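Okay, so here's the structure we're looking at.
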Ligand SMILES: Nc1ncnc2c1ncn2[C@@H]1O[C@H](COP(=O)(O)OP(=O)(O)OP(=O)(O)O)[C@@H](O)[C@H]1O
Ligand SMILES: [Mg+2]
């Protein structure tokens, strides 16, 4: 029997500006099983970031529910949602969102420290994760001292360090030059291949999307299975 890590059931999102209500997307439904990978593609403004934020409990919906590990996140209060995010989710944002005043190593240690792990254990595990991304030598550098690709690799390490069941990635290589993006992507794909984590990857890059188990497209205000996947 399948055991979904993530379920989206009939999600609807609108934005209201003055008297106008704008639907970003509606009827968004899908399941993601343990270890499965899903790409979400769609043109700029189609609502990809909004959807990822909703899936991660960072934004609200007007209808429907998001279920993570069998638990509806709409039913949780803010503290419970924060706890769930810390324990079960990893995020890689469109822009790296690293804490500027902390070193790369400290940034990666943060989810572990917040989860109650000792400083020593957090440091050891964060270093291990940075090494897997070829960043072991740069642990003492602050984000401003790193290149764009290096920052995104630190952000990926931070998302994975907790060994979450689910990682949400919002165009993690979208702001990198082609060569750097290709390097980060091959590291990322290797990590995806060797982990039993489920991934949702938002991307503009059709080639990258095709490397995921499934690809869905935000189009005409809803999320559909990508036509190129149907044979
Ligand atoms: N806080 C907000 N208030 C009102 N409208 C918003 C808000 N945030 C996003 N939108 C609108 O919702 C739509 C979807 O935005 P979103 O950022 O999710 O798109 P996206 O697919 O991630 O785009 P991109 O590919 O450029 O990152 C856009 O039309 C945007 O203007
Ligand atoms: Mg976006």
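Would you mind listing the helices (runs of 4 or more DSSP H) fully within segment 53-163 where at least 2 residues are buried (at least 22 other Cβ atoms within 10 Å of the Cβ)?
104-114, 119-132, 148-160
For segment 12-36, which residues satisfy the criterion of being closer than 12 Å to residue 61 by Cα and touching a residue at least 60 places away in the same chain (Cβ under 8 Å)?
Hits for segment 12-36 are 23, 24, 25, 26, 27, 28.
Any idea which of 218, 208, 201 is in a strand (DSSP E or B) and under 16 Å from the mean Cα position of the chain (by Cα)?
Residue meeting the stated conditions: 201.
Could you tell me whether residue 52 is within 21 Å of residue 82 (Cβ to Cβ), at pLDDT 95 or above and out of contact with any helix residue (DSSP H, G or I) (no Cβ under 9 Å at 6 or more places or on another chain)? Please lay out each step first, then the result.
Values: within 21 Å of residue 82 (Cβ to Cβ): yes; at pLDDT 95 or above: yes; out of contact with any helix residue (DSSP H, G or I) (no Cβ under 9 Å at 6 or more places or on another chain): yes.
Answer is yes for this residue.
Please specify each residue of segment 98-143 satisfying the condition of being over 22 Å from the mean Cα position of the chain (by Cα) and without any contact (Cβ under 8 Å) to a residue 12 or more places away in the chain.
116, 117, 118, 119, 120, 121, 124, 136, 137
Let's see how each residue does on (1) farther than 22 Å from residue 35 by Cβ; (2) within 16 Å of ligand 2 (Cβ to nearest atom):
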| position | (1), (2) |
| --- | --- |
| 145 | yes, no |
| 158 | no, no |
| 165 | no, no |
| 180 | yes, no |
| 190 | no, no |
| 216 | no, yes |
| 224 | yes, no |
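Could you please let me know if residue 189 is without any contact (Cβ under 8 Å) to a residue 24 or more places away in the chain and at negative phi?
Details: without any contact (Cβ under 8 Å) to a residue 24 or more places away in the chain: yes; at negative phi: yes.
Spelling it out, residue 189 is indeed without any contact (Cβ under 8 Å) to a residue 24 or more places away in the chain and at negative phi.
If we scan segment 182-191, do we find a residue that is over 18 Å from residue 50 (Cβ atoms) and touching a strand residue (DSSP E or B) at 6+ places or on another chain (Cβ under 7 Å)?
Among the residues of segment 182-191, not one is over 18 Å from residue 50 (Cβ atoms) and touching a strand residue (DSSP E or B) at 6+ places or on another chain (Cβ under 7 Å), which makes the answer no.
In this structure, does residue 203 turn out to be closer than 18 Å to residue 42 by Cβ, in contact (Cβ under 8 Å) with a residue 60 or more places away in the chain, within 16 Å of ligand 2 (Cβ to nearest atom) and surrounded by 19 or more Cβ atoms within 10 Å (Cβ to Cβ)?
yes
Would you confirm whether or not segment 104-119 contains a residue that is modelled with pLDDT of 95 or more and within 16 Å of ligand 1 (Cβ to nearest atom)?
no
What are the pairs with Cβ atoms under 8 angstrom where one residue, in segment 37-50, is farther than 17 Å from residue 207 by Cβ and part of a loop (DSSP other than H, G, I, E, B) and the other, located anywhere, is near ligand 1 (Cβ under 6 Å from one of its atoms) and modelled with pLDDT of 95 or more? Sequence gap at least six, or different chains.
Between residues of segment 37-50 that are farther than 17 Å from residue 207 by Cβ and part of a loop (DSSP other than H, G, I, E, B) and residues that are near ligand 1 (Cβ under 6 Å from one of its atoms) and modelled with pLDDT of 95 or more, the close pairs are 47/24.
The values are calculated or read from the model by the stated rules, or taken from the named source; none is laboratory data. It should be emphasised that the depicted structure is a prediction, and the values quoted were computed from it without experimental measurement. Because the Cβ atoms are built from the backbone with ideal geometry, glycine has one as well, and the counts that use them run over all protein chains shown.
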